[in-house]
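Laboratory data are not the source of any read-out in this text; all were calculated from the coordinates shown. Keep in mind that this is a model prediction, so the values were computed, not measured. Reconstructed Cβ throughout: ideal geometry from the backbone, glycine too, with neighbour counts over all protein chains shown.
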Amino acid sequence: MHAKSLMVQGTGSHVGKSILVTALCRIFAQDGYRVCPFKAQNMALNSCVVKGGGEIGWAQFAQAEAAGVEPTVDMNPILLKPSGDCGSQVIIHGRPIGNMSAREYYRYRGGALDAVMKSFNTLASKYEVIVIEGAGSPAEINLKSNDIVNMKIAELTNAPVLLLSDIDRGGVFAWLVGTMELLTEEERERIKGIVINKFRGDITLLESGLHLLEERVKRPVIGVIPYFRDIKIYDEDSVSLDERNARGIVDNGLDIVVVRLPRISNFTDFIPLEESEGVRLRYVEGEGDFGNPDLVIIPGTKNTLEDMVFLKNSGIAQKILKSQERGIQIIGICGGFQILGKEIHDPSGVESGYKKVDGLGLIDAVTVMEREKVTNQVRAIGLDTLDFLNEGDEISGYEIHMGQTRLSGTARPLFKIIERDGNKVSLLDGATVKNGQIIGTYIHGLFDNDRFRNKLIASLMKKKGTRPMQVEGCAHIAKKEENYNKLADIVRKNLDMKFIKDLIK
């Protein structure tokens with residue numbers, strides 16, 4: 001078997017490339033194709049761990065779910081995780097090889113491209129169709145000589161390209177024409193069709209513009225995808241957090257605050273809470289937005305020490321401490337767990353130039369950053385009986401962290417990890433203090449566990465005096481499947497799938 005390939009490139013970031021690839025993966029799977037996603041290089045702080053412990057971008061993980069196949073590191077062979085303004089951790093085939101500046105990474109380009117093509121050829125031997133996602137724009141003329149994710153990949157994989165743009169931002173025609181103008185003739189030849197995303201209103205008012213666009217770029221517009229809000233698909237771009245914050249307040253419901261750290265990672269952890277009935281989830285980055293929440297969550301971060309400094313300077317640290325004094329539930333995930341402790345040490349400069357930063361001091365714990373990264377899929381059981389966790393309750397998730405945390409004083413472990421990547425283990429994780437009012441854990445995907453999430457929400461509602469929701473039901477995996485199918489339906493209705501299938505024959 002050698003797969004046919006199809007590529008989605010965009011006029012810019014956050015125009016909907018990941019979502020369109022997800023939809024196409026589900027459509028091809030529904031139509032009986034063995035299909036998988038591929039993105040040569042992804043820059044994202046939202047990542048997930050696949051079987052074997054490798055790390056890939058969340059978008060490719062979700063796209064594989066939509067395709068109905070097991071996610072692997074070959075679907076995202078290069079993952080860049082920014083650790084500051086000028087450098088990133090470079091992850092090749094799921095494993096970090098070090099931190100590099102942009103110039104250092106460009107010098108490494110040859111080795112990176114070899115890794116990309118090795119992964120693509122592995123997938124091409126196993127699948128019938130590979131749907132490839134580009135990154136940013138192919139018309140970034142200052143970066144084209146070092147491209148290993150857009151037109152270079154289309155060339156090496158002989159992939160026809162769909163060019164996607166977002167009309168909701170305005171200027172869609174100039175964006176599309178300008179992109180085509182900045183491509184070489186050979187690159188333009190690879191673009192076979194235009195797709196416009198996030199359209200609102202009367203489509204007949206757009207038609208004259210579409211005809212003029214087709215005449216100008218000599219390419220057909222093969223689809224206009226309508227704007228939708230009711231289909232929730234994982235989005236790894238932090239720009240999407242602004243859209244989520246725009247949603248309305250839930251009357252008599254729970255107000256959950258996630259601190260929007262400057263280097264927030266894996267905010268996909270909280271989408272199951274956002275989807276839960278009677279919950280409004282907000283991301284806050286200033287003390288004036290904090291309000292009086294029922295639950296405060298400190299998320300993961302790619303730079304725990306610098307983000308702890310941000311919390312102090314922004315005034316949010318004081319807001320969290322005041323919430324704790326009022327008895328508000330506080331949860332820290334991964335870097336957020338480290339922030340809840342007394343001290344964070346980075347003697348080798350793994351994350352930043354700070355050697356030591358004081359944490360919030362809500363958990364008797366000290367974290368030391370280490371060079372070796374921990375990445376595993378895990379199963380764990382509860383070690384304590386809390387309002388939302390019974391001793392022996394099982395959860396599953398994944399670990400992605402650089403530090404090791406040591407407990408002392410009143411802090412007790414929260415979970416015992418009983419399985420890592422399919423191997424039986426017995427390891428302690430997390431911490432709980434004040435009878436569960438404050439908890440921390442290294443386990444991402446905690447709220448994907450229906451029983452844990454629903455019992456937590458019921459506990460918070462009871463404490464607030466509102467009607468507790470039923471613990472049963474609200475199956476997150478079933479909701480995800482429903483959303484993938486809804487997404488496929490709306491894209492299938494508004495995209496010329498015959499045109500696309502003819503491209504890959």
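Key figures
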quantity: The chain, Cα convex hull volume normalised per residue, Å³; calculated: 147
quantity: About the Cα centre, charge dipole magnitude for the range 253-465 (Lys/Arg +1, Asp/Glu -1 at Cβ), debye; calculated: 360
quantity: Calculated P(r) tail over 24 Å for the range 1-104, as whole % of Cα pairs; calculated: 26
quantity: Along principal axes, Cα extents of the range 372-479, largest first, whole Å; calculated: 45, 38, 22
quantity: Distribution of pairwise C-alpha distances over the range 423-505, 10 Å bins, in %; calculated: 13, 26, 25, 16, 13, 6, 0
quantity: For the range 116-160, the spread of Cα positions along each principal axis, largest first, Å; calculated: 35, 17, 15
quantity: C-alpha long axis of helix 316-325 to longest principal axis of the chain, angle in °; calculated: 40
quantity: Ranked list, fewest to most other Cβ atoms within 10 Å of each Cβ, for 270, 28; calculated: 270, 28
quantity: Debye, to nearest 20: dipole size of the chain, +1 on Lys, Arg Cβ, -1 on Asp, Glu Cβ; calculated: 300
quantity: Sites residue 499 and residue 435, calculated FRET efficiency, Cβ-Cβ separation with R0 45 Å, nearest 0.05; calculated: 0.15
quantity: For the chain: relative contact order, % (alpha-carbon pairs under 8 angstrom, 6 or more apart); calculated: 14
quantity: Burial ordering of 401, 444, 211, fewest other beta-carbon atoms within 10 Å first; calculated: 211, 401, 444
quantity: Pairwise label distance in nanometres, residue 427 with residue 479, each label 7 Å out on the Cα-Cβ vector; calculated: 2.9
quantity: Helix 58-67 vs. the chain, principal-axis angle (Cα, 0 to 90°, nearest 10); calculated: 60
quantity: Burial ordering of 370, 306, 351, fewest other beta-carbon atoms within 10 Å first; calculated: 370, 306, 351
quantity: Low-density loop cleavage sites - trypsin sites (Lys or Arg not before Pro) in the range 316-382, where at most 13 other Cβ are within 10 Å (DSSP); calculated: 326, 355
quantity: Straight-distance crosslink candidates among lysines, where the alpha carbon sits under 17 Å from residue 434 and sequence neighbours closer than 8 are dropped; calculated: 322, 342, 463
quantity: The chain, helix-only ellipticity at 222 nm - DSSP H runs n ≥ 4, -39,500 (n - 2.57), divided by all residues, nearest 500; calculated: -9500 deg cm²/dmol
quantity: Dipole magnitude of the range 1-148 about its Cα centre (Cβ charges: Lys, Arg +1; Asp, Glu -1), debye to nearest 20; calculated: 180
quantity: Ellipsoid semi-axes in whole angstrom, largest first, where each is sqrt(5λ) of the Cα gyration tensor of the range 253-465; calculated: 23, 22, 15
quantity: Mean Cα-pair separation over length for the range 253-465, i.e. relative contact order, pairs under 8 Å, 6 or more apart, %; calculated: 19
quantity: C-alpha long axis of helix 476-494 to longest principal axis of the chain, angle in °; calculated: 20
quantity: Label-point gap, in nm, between residue 30 and residue 108 - each point 7 angstrom along Cα→Cβ; calculated: 4.0
quantity: Positive-end residue of 328, 184, 160, charge dipole of the chain with Cβ unit charges; calculated: 328
